[in-house]
1. Taking strands (runs of 3 or more DSSP E) that fall entirely within the range 54-122, which contain at least 2 residues that are farther than 22 Å from residue 23 by Cα and open to solvent by less than 80 Å² (accessible area, probe 1.4 Å)?
2. Within the range 30-37, can one find any residue that is in contact with a helix residue (DSSP H, G or I) (Cβ under 9 Å, 6 or more places away or on another chain), more than 10 Å from residue 79 (Cα to Cα) and crowded, with 19+ Cβ neighbours inside 10 Å?
3. Applying the selection to the range 4-45, what residues are more than 14 Å from residue 90 (Cα to Cα), part of a loop (DSSP other than H, G, I, E, B) and of a type in the set (A, V, I, L, M, F, W, C)?
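The values are calculated or read from the model by the stated rules, or taken from the named source; none is laboratory data. What you see is a predicted model; the values in this text were computed from it and never measured. As a convention, Cβ positions derive from the backbone with ideal geometry for all residues, glycine included, and neighbour counts pool all protein chains shown. Heavy atoms of the whole protein, side chains included, go into the accessibility calculation; ligands, DNA and RNA do not. Shrake-Rupley method; radii C 1.70, N 1.55, O 1.52, S 1.80 Å.
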Amino acid sequence: QVQLVESGGGLVQAGGSLRLSCLASGRTFSSLTMGWFRQAPGKEREFVAGISRGGTTSSYTDSVKGRFTVSRDNAKNTVYLQMNSLKPEDTAVYYCAAGLRELGPRYPGDYWGQGTQATVSS
């Protein structure tokens, strides 16, 4: 079993930045693909970003490309999501996810964190 604990959410003005972190435990971190999903009020959960086991490959949903960066530190069992140039439409609960193959819209992973709220004011 894998436990994921997110942190770093908060309230920020449009144009600002937040950095989310997700600490994993319970399994060899480098064996897991990692990613981030989000769910806005009244909307379905959507894929945001994913990163490969070694951190060499990443993918993003179109709406965050050029603004968000996913990274990982396998020595610290942690994955990050750096969010810059935030927009009000980025407001959502952000979930860390882990899996055994590449995460994306069709594969949300096998393990989920509890989520962290990010709110962007206009």
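1. On the way: elements: 58-60, 68-73, 78-83, 92-99, 116-121.
Answer list for the range 54-122: 116-121.
2. Taking the range 30-37 as the starting set, the residues that turn out to be in contact with a helix residue (DSSP H, G or I) (Cβ under 9 Å, 6 or more places away or on another chain) are none.
So far as the range 30-37 goes, no, none of its residues is in contact with a helix residue (DSSP H, G or I) (Cβ under 9 Å, 6 or more places away or on another chain), more than 10 Å from residue 79 (Cα to Cα) and crowded, with 19+ Cβ neighbours inside 10 Å.
3. We begin by selecting, within the range 4-45, every residue more than 14 Å from residue 90 (Cα to Cα); these are 4-8, 21-35.
Add one more test, that the residue is part of a loop (DSSP other than H, G, I, E, B), and what stays is 8, 26-28, 32.
Answer for the range 4-45, where residues must be more than 14 Å from residue 90 (Cα to Cα), part of a loop (DSSP other than H, G, I, E, B) and of a type in the set (A, V, I, L, M, F, W, C): just 32.
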